[in-house]
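Read the structure below first, then the notes.
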Amino acid sequence: MPDSTVMATTKAVAAALLVAAPLAGIALYDHAEPRPEAQKESPVTLAVTPQQLDLLPRPCLPATLTVTFHNGSGEGAYPSAFVRPDAPLRVSREAVTTYVPADYDVAVPVQVLVPRLTPPGEYTVLLEAGRERLSVPVVVSEPPSDPARNLVLGQETTASSTNGLLTPCGVVDGNRTYTTQGYNRPATAWADDTPGVFPDQIETTLAEPARIGRVDLYTHAQRQFALRDWDVQALTGAGWQTVAQVRGHTAGLFSARFEPVTASAVRIVMLATNGYAYSTVVEVEVYEG
C-alpha cells in the first residue's frame with residue numbers, strides 16, 4: 001500500500017475515535033445515573049397511633065404503638081419500616097415488613113417497653129420508611145410514692161419455663177382473674193412447661209430495694225388447677241432467703257406474712273399442685289412490712 005494511502009486511513013480512524021469517545025461517555029453516564037424524573041415515589045404511606053406515650057418504668061406493662069401502612073396504588077406492595085427507640089427504651093420489633101394489598105391499610109402492633117431503672121424524662125421512638133420520618137414522644141414518669149402499693153406491679157419477671165402464651169409477665173400485670181376455659185382467653189397468668197416435674201419457679205424484681213413483709217399469691221380459683229405447696233424466697237444482702245412456706249393450700253389467694261426483710265427480688269418455688277400437671281400462678285403481689 002502506498003504511504004499516502006496509509007496516512008489517510010490512519011487519520012480517518014483517529015477522527016472516528018475522537019467522535020465515539022464522548023458518545024460512549026454519555027451512554028455510560030445515562031446508564032449509571034438515571035434522571036430524577038425517572039425515579040418513582042413509594043405508593044405506601046405510614047401512620048402511627050397514639051401520637052404520644054406516657055409510661056412508668058414497668059417493663060412487663062408495655063404500651064402498644066399501632067403502625068399503619070396505607071397503599072394508595074393499584075398494586076400490592078411489601079413496605080418496610082424501621083423502629084428506632086432512644087436508649088434505654090426497648091421495642092418488641094426493630095423492623096416491620098408486611099404485605100399491603102392495593103388500596104388497603106395494614107396495621108402492625110409494636111410494643112414499647114421502659115426498663116426498671118429508666119430515669120424520668122422525655123424520649124422518642126422514631127419510625128422510618130423510605131423518605132418518611134415519624135417520631136413519637138415517650139414521657140417517662142417516676143412511680144407513685146405510696147407505702148401501700150404493690151412493689152412488683154409490671155416489674156421484670158422470669159420463670160424456670162413458660163407454657164405457650166402464659167408468660168411470666170402475666171403474674172405482675174395487675175389482673176387477678178384467670179380461666180382455663182376458652183381458646184381466646186387473655187394471657188393474664190403463668191404456667192410452667194414441665195408437666196408433672198417439680199420444683200418450678202418464678203422470680204420478680206422489685207422497683208427498688210425495699211423492706212417487705214407480705215407476699216400475696218393468687219393461684220387458680222379451682223382446686224384441681226391450683227398450687228398446693230410452695231416456698232417464698234427473698235433476695236437480701238446475704239443472698240436468697242426463705243421467708244415463708246405454704247403447705248396444703250387449696251385454691252385462690254394465699255397471703256404469706258413474715259418478719260420484714262430488705263429485699264430486691266422475690267422468688268416463688270413451687271413444690272406441688274392439687275393434682276394438675278402444671279404449676280399455675282395468676283398474680284404475685286409484694287408489699288412493705
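The values are calculated or read from the model by the stated rules, or taken from the named source; none is laboratory data. Predicted, not measured: the structure shown is a model, and the values here were computed from it. Cβ placement follows ideal geometry from the backbone for every residue including glycine, while neighbour counts extend to all protein chains displayed. For accessibility, only protein heavy atoms count, side chains too; no ligands or nucleic acids. Shrake-Rupley method; radii C 1.70, N 1.55, O 1.52, S 1.80 Å.
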Scan of the stretch 254-289 for residues that are surrounded by fewer than 19 Cβ atoms within 10 Å (Cβ to Cβ) and touching a helix residue (DSSP H, G or I) at 6+ places or on another chain (Cβ under 7 Å), ordered by number: Asn274, Gly275
2 or more residues more than 30 Å from Gly76 (Cβ to Cβ) and acidic (Asp, Glu): qualifying strands (runs of 3 or more DSSP E) within the stretch 105-220: 200-219
Matching entry among Ala81, Ala77, Ala63, Ala87 (being open to solvent by 60 Å² or more (accessible area, probe 1.4 Å) and under 18 Å from Leu127 (Cβ atoms)): Ala87
Contacts under 9 angstrom Cβ, first residue in the stretch 230-246 being closer than 10 Å to Val261 by Cβ and at pLDDT 95 or above, partner among the acidic types (Asp, Glu) and buried (at least 16 other Cβ atoms within 10 Å of the Cβ), 6 or more apart: Leu235/Glu203; Val243/Asp231
Residue list for the stretch 46-60, restricted to those being surrounded by 18 or more Cβ atoms within 10 Å (Cβ to Cβ) and assigned to a strand (DSSP E or B): Leu46, Val48, Leu53, Leu55
Number of positions in the stretch 106-134 that are farther than 20 Å from Glu208 by Cβ and surrounded by 14 or more Cβ atoms within 10 Å (Cβ to Cβ): 11
